[in-house]
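Structure, as structure tokens:
The values are calculated or read from the model by the stated rules, or taken from the named source; none is laboratory data. Computed from a prediction, not measured in an experiment: that's the story for all the values here. Glycine also receives a Cβ, built like all others from the backbone with ideal geometry; neighbour counts cover every protein chain displayed. To get the accessible areas, we keep the full protein, side chains included, count just its heavy atoms, and leave off ligands, DNA and RNA. Shrake-Rupley method; radii C 1.70, N 1.55, O 1.52, S 1.80 Å.
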Amino acid sequence: MFFNLQKKYRNLKCLFLIFFWGITSLGLTQQNFNDFQHLKAEGEIPNDFTIQAYNKINEDIKNNKISLKGNNEIVFLEGVHYAINDLLHSGMVVYGDEVTIYINKIADKLLAKDTILRRKLHFYTIKSNETNAFSTFQGIIFVTTGLISQLENEAQLAYILSHEIVHYTEEHVVESFEYEINNKYNSEKIKSLSTFSREHEFDADRLGVKLYQEAGYSKEELVSTFDILLYSYLPFEEFDFPNTYLNSNQLKIPVHLFPEKVFPIDVEEDVDDSKSSHPNIKKRKAAVSKEIEKFTNWGNEIFSFGESDFLYIRDICRFESIRTDIINAEFDNALYSILVLEKKYPNSIYLKRMKAKSWLGIAQYKSKSSLTTKLPNKTKLQGQIGSLQHVLKNLNTLQILTLSSRIVYDLHKANENDIVLNAIWERMIKTLAEAKFDLVIFYKTSMDDARNQKTITDSINSINKTSIETNKLTKIKNSLNRNIDTANFHLYALYDIIVDSSFIKKLSYYKGIFRTKEIEKNEYESLSYRKKKKIEKLKIRNTLKLGIDTLLFIDPLVVCYKRDEINQIKSEKLSEDFNDVLNDLGSYLPININSLSNSSLDEKGTKGFNQKSILYSYVNEKYENEAIDVLPTDFLELESLSKEMKTDKIMFSKVETIYDVNFKQSELLLFPFFMIYPIYLPVKIYKSHHTYLSLWILDISNNKVMEELTMHYNEPLNKYTIMNRMYDIMKKVNTKPSIK
């Protein structure tokens, strides 16, 4: 593996990923970066997204795909194929898109002399800001958008692909698995396993050079590729962050709030790698430099498909990185990337929307006193982005709310017909109302005007410095002068906004809503115990009674435990049964159920795959931003999906089932009474089945969780029990709540 993958996939099973896709010539429309559209899958959906994992496992066993023996073969194959499904259906993966097609073109060049191997390998793009590429047992090679966004040229990408191809041809994944199961877990084993993995990296580096050289690429770009790894924790460009960047005609941020100098970039090539799966950069660069000397007749290719093509693909990945950062609530990274990209694309409405969305997120987190959790520690600030992070950490809550309001308002005003910017401004006003933003403290004049008035006043004072009395105008201006200081720079920033009648009306409206909620909360707290109990009983009676006529059901997840491990195959088959039940329920109930699941992708195709990916991104964003009332980044796509599905109500579900027979000591006392066995034992066995059904119903129109609960049943999980339970649940969901 060239780099480390995203946090949630940083474990062994993420090495075991697959994809089969024959690249075709697709007439894709090029991106308009002024109105960027995030990456989506294109073309016909590959079979690997529709064939169930247990069928793939059976096929591998039938074809003797690996040389592992006994139970190890099953353990390995289950691990690789079910990890594949987790990633392929995570919403992060795309196929048939421009980035994936470009990667495949480079792979064609690298493997032009080995057509058999080329047919075995398939390449895929992951929308992740981790700087990473990795290969798999099945011959799938994944490349992240984060990696491409950091690269300088095509040749560097070609070497990374060469490195990953070697991991596949040398069967490093299988070797690592076999080594792991044949050694006991102890400190020496962990140390030797790290060494073993490092040897794989050296092999991939060394043999990758040969593949790269044969394709005619320039040797000058090989070593520099490792510097990409070394500095990949920084933004994709080290671009000056001027202390005037956040300023506008209405707002001037004092220079003293910025750091006196740029934070140094502190990185070391020769770090201790004794406990790491990867050798350090210094060792890898030295080994590759030595390997380079073994070859002659080097080519000089850096951009075999043209520099403009590479820069275009890289810009797609850089634009995509902004969306990913915002979904992950990494607003500082998003703002810095926007700073870099808007120099090239100053008129991009996408960048304007994402800038407004970032400042909204910053304001929301700051108002909840949790912005510091989204920013690095002061001791870890590095490079130009450190200056931005330093400012964000130094501004207080009122200053952040003011700065955010100023920026979002200006973007909204300059693009008044843009639906997304209007929605962001509306949510900004709501955020101010919840934070009890007080307009009275703000001055109704700009700082520049105040300074001009100060100049006039100074002149008057100079002329009348011997006068004992001053007129009314002078007294007022002198009073104003005392308020002109850098600590209160923000109080001059909203002079035009606080007199905007539309703004005042909406702010009052939302403040009224929050006041009403507070009053209702206080009234509830003042109720007697009996009245509170009555209200709670009504809530319980109304559980799941939502009056929903149409519901979008997303990918039911079933986890079946066998002893302390997951029975992956049974879980997948039960998930299929769950989806079949949902499709059948429509004929028994008045509620209309639309399903988007893995097992329905044969029918739904690429359109359904993209719809499901959008919903997963939305749920991930909501999960990452639990502390705030997030406005979805894919706002327009969700609206479009709601209209097409004729509902904005979506349901996610998870079922966990386990069979656990556990006789208590008191129950063992019954054993002498043999007559009880025929009744007791069947009941005991049946009751030892534990099924936990968790449901989440969301209203994406207002980003609210309508219902969230977990139910426990002492019964086995099968198609019959799923049907019974889901029939009762869907019937309730369709029922309107009681008012008494």
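For this structure, a couple of remarks:
- Candidate set from segment 698-726 (those that are of a type in the set (S, T, N, Q) and not in a loop (DSSP other than H, G, I, E, B)); member that is nearest to the chain's Cα centre (by Cα): Thr710
- All positions within segment 58-77 that are surrounded by 21 or more Cβ atoms within 10 Å (Cβ to Cβ) and closer than 30 Å to Lys604 by Cα: Leu77
- Applying the condition of being basic (Lys, Arg) and in contact with a strand residue (DSSP E or B) (Cβ under 8 Å, 6 or more places away or on another chain) to segment 585-617 and asking which residue is modelled with the highest pLDDT yields Lys612.
- Residue pairs whose Cβ atoms lie under 7 Å apart, separated by 6 or more positions or on different chains, with the first residue in segment 488-510 and among the small types (Gly, Ala, Ser) and the second open to solvent by 30 Å² or more (accessible area, probe 1.4 Å), are Ala493/Gln250.
- Hey, Tyr524 surrounded by fewer than 16 Cβ atoms within 10 Å (Cβ to Cβ) and not basic (Lys, Arg) or not: yes
- The set of residues in segment 614-628 being open to solvent by 40 Å² or more (accessible area, probe 1.4 Å) and out of contact with any His (no Cβ under 9 Å at 6 or more places or on another chain) consists of Val619, Asn620, Lys622, Tyr623, Glu624, Glu626, Ala627.
- Selection count where residues are buried (at least 20 other Cβ atoms within 10 Å of the Cβ) and touching a His at 6+ places or on another chain (Cβ under 8 Å), scope segment 201-235: 4
- Note on segment 575-589: among residues that are open to solvent by less than 10 Å² (accessible area, probe 1.4 Å) and in contact (Cβ under 8 Å) with a residue 60 or more places away in the chain, the one that is farthest from Ile554 (Cα to Cα) is Leu585.
- Just one residue in the set Ile540, Ile519, Ile569 is among the β-branched types (Val, Ile, Thr) and surrounded by 12 or more Cβ atoms within 10 Å (Cβ to Cβ); that residue is Ile569.
- Qualifying position, being under 22 Å from Leu222 (Cα atoms) and open to solvent by 10 Å² or more (accessible area, probe 1.4 Å), among Gln138, Gln150: Gln150
- Single residue of segment 554-569 satisfying the filter (touching a helix residue (DSSP H, G or I) at 6+ places or on another chain (Cβ under 7 Å) and of a type outside the set (Asp, Glu)) that is nearest to Leu698 (Cα to Cα): Ile554
- Evaluation of Ser370 against (1) farther than 26 Å from Ile441 by Cβ; (2) surrounded by fewer than 22 Cβ atoms within 10 Å (Cβ to Cβ); (3) not charged (D, E, K, R) (one fails), failing number: (1)
- For segment 727-740, a residue qualifies if it is part of a helix (DSSP H, G or I) and either among the aliphatic types (A, V, I, L, M) or closer than 19 Å to Glu656 by Cα (or both), and the qualifying residues are Tyr727, Asp728, Ile729, Met730, Val733.
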